[in-house]
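The values are calculated or read from the model by the stated rules, or taken from the named source; none is laboratory data. Since the model is a prediction, treat every value here as computed from it, not as a measurement. Note that each Cβ is placed from the backbone with ideal geometry, even for glycine, and that neighbours are counted across all protein chains shown. Just the protein is used for accessible areas: all its heavy atoms, side chains included, with ligands, DNA and RNA removed. Shrake-Rupley method; radii C 1.70, N 1.55, O 1.52, S 1.80 Å.
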Amino acid sequence: MSNLLIKCMAVLSMDGEDDLIKDGEIAIQNNRIYHVGTAGSTPADFVPDLVLDRPRMAAMPGFVNCHTHAAMTLFRGYADDLPLMQWLKEKIWPLEEHLTPDHIYKGTLLSCAEMIRGGTTTFADMYFAMDRVARAVEETGMRAVLSRGMIGFGEGGENAMQESIAFIEQWHGGAGGRVTAMFGPHAPYTCPPEYIKRVIEQARRLNVGIHIHLAETKDEINEITEKYSRSPVVLMEETGLFEIPVLAAHCVHLEDREIEILARHRVGIAHNPQSNMKLASGVAPVTRLREAGALVGLGTDGASSNNNLDMMEEMRTAALLQKVSTGNATALPAREALRMATADGAAAVGLEGRVGKIKPGLLADIILLDMHKPHLYPLHDIYAHIAYAALSSDVDTVIIDGRVVMEDRRILTMDEDDVCTASQDAAQSLIKAKGEQ
């Protein structure tokens, strides 16, 4: 680790209302932010080992992708234009039966490359062979909140429980503190209440949170209501799930009572607008959730149902979708969409006070956006430009944990060509194993 000084045209700290510093600079000491202020304000005793002088770039916290299935990049474009349950049962689950840990490692490396290029510094992932996912995170320099997906029926449910415990015990706090581990019960319709209660008990014992899909589709609402005479959110509250930190993906179909429950328990909600649109799952009531005081971040979901991991796109889609669905052009303004992609996302995945803002004492997860592009002129409102006009290709530099992992659009922690080639080979071997050509 070393001392790094960033000089740039603007710093969007995402820390409070007055969070824009024009002609700013950021001092990083080892892996933490030491100072943020206007040009020349860094204390004289700070001696940088490296200076990034970027007068045409803006600095902001790295994006936090609150929900994805990283290795599913291998399924990108494989099963498009289907509703969720048909997509899962007829296409995805049969193909997943042929996945090996090596497939998952290669698919995760591919998604890490894509996310770094798009300015994502932290992602929350739920999948299998999570030790290989964690290894990919460690090698690429990313930060991640990882959970082993759990289906709570039969022998598989017990195996998932034991594998989850072993993974958490090995990797929670791993990769120099960049890996946070959670339990990952898939959803209320795949994990019955008694199984969820066992997960809660183990999460308490190990002092970790839980990542779950919740209220994603009308089919889920109907199935749970028919079986338990209550909605998924109410069922999970009665089961005791929200008594510990929870990251709930989707939360699309919510009544006022469920919104109040999620807000009261400070459940981290991962809003995945593009995946919800593509699978025709519905439009999450983000405006109502935020008005109720709920904590809402943004996620991409897996690349097989999106079809990319582009948080710039997700942020823009989230804002536009709330405007058109509520009939209110002021719904989810640019600054709030940016906050969801950074500070609120960090809080949703349990990393509040660690990342998500450019603030002294926090970990240095920072991206630099090249604002010297035709589509970013003239500059009236930098928040609006980033939320509505910027592209992921405008991300020039990515710093994670104080380390430069991408500079001048070149990733420094992996060979992108090798990663792309390996992922193509892995995907083809999967299709062959399933008996397709």
- Query: So which of Lys22/Lys357; Lys218/Lys434; Lys91/Lys197; Lys197/Lys218; Lys89/Lys218; Lys106/Lys357 end up more than 20 Å apart by C-alpha?
  - Reply: Lys218/Lys434; Lys91/Lys197; Lys197/Lys218; Lys106/Lys357
- In whole angstrom, largest first, the equivalent ellipsoid semi-axes that the Cα gyration tensor gives for segment 213-341 are 23, 16, 14
- Message: If you filter segment 124-160 for chymotrypsin sites (Phe, Trp or Tyr not before Pro), then keep DSSP loop positions with at most 16 other Cβ within 10 Å, what is left?
- Response: Phe153
- Task: Measure out, as a whole number of angstrom, how far apart the alpha-carbon centroids of segment 197-244 and segment 359-421 sit.
- Result: 36 Å
- Message: Is the C-alpha gyration tensor of the chain telling us rounded, prolate or oblate? Criteria: a/c under 1.5 is rounded; beyond that, a/b larger than b/c is prolate, otherwise oblate.
- Response: prolate
- Query: Under a GNM of the chain (C-alpha, springs under 10 Å), which listed residue has the highest mean-square fluctuation: Thr300, Thr317, Thr225?
  - Reply: Thr225
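Compute the Cα gyration tensor for segment 314-418, then decide on rounded, prolate or oblate, letting a ≥ b ≥ c be the square roots of its eigenvalues: rounded whenever a/c is under 1.5, prolate when a/b is larger than b/c in the other cases, and oblate in all that remain. Walk me through the numbers on the way to the answer.
Working: a/c = 1.98, a/b = 1.33, b/c = 1.49.
Cα axes put segment 314-418 in the oblate bin.
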- Note on the structure: Once both label points are put 7 Å beyond Cα along the C-beta direction, the Leu88-Glu436 separation in nm becomes 1.9 nm
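So, R0 is 56 Å and r is the distance between the beta-carbons of His372 and Ser229; what FRET efficiency does that work out to, to 0.05?
Using R0 = 56 Å, I get an efficiency of 0.40.
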- Ranked output for segments 26-35, 368-377 by mean other Cβ atoms within 10 Å, highest leading, reads 26-35, 368-377
- In whole angstrom, note down how far apart the Cα centers of segment 22-54 and segment 66-141 are. 36 Å
- Item | Cα-based shape type of segment 185-287, given that a ≥ b ≥ c are square roots of the gyration tensor eigenvalues and the cut on a/c is 1.5 | prolate
- What is the dipole size for segment 353-437, taken about its Cα centre, with +1 at each Lys and Arg Cβ and -1 at each Asp and Glu Cβ, in debye to the nearest 20? 380 debye
- Query: Can you give the calculated 222 nm mean residue ellipticity of the chain, where each DSSP H run of n ≥ 4 adds -39,500 (n - 2.57) and the sum is split over every residue, rounded to the nearest 500 deg cm²/dmol?
  - Reply: -10500 deg cm²/dmol
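Given a 1.4 Å probe and every protein chain left where it sits, what share in percent of the accessible area of segment 128-171 is carbon and sulfur?
Working: 790 of 1660 Å².
Of all accessible area on segment 128-171, carbon and sulfur atoms account for 47 percent.
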- Item | Per residue, in Å², the accessible surface of the chain once ligands and nucleic acids are set aside, probe 1.4 Å | 38 Å²
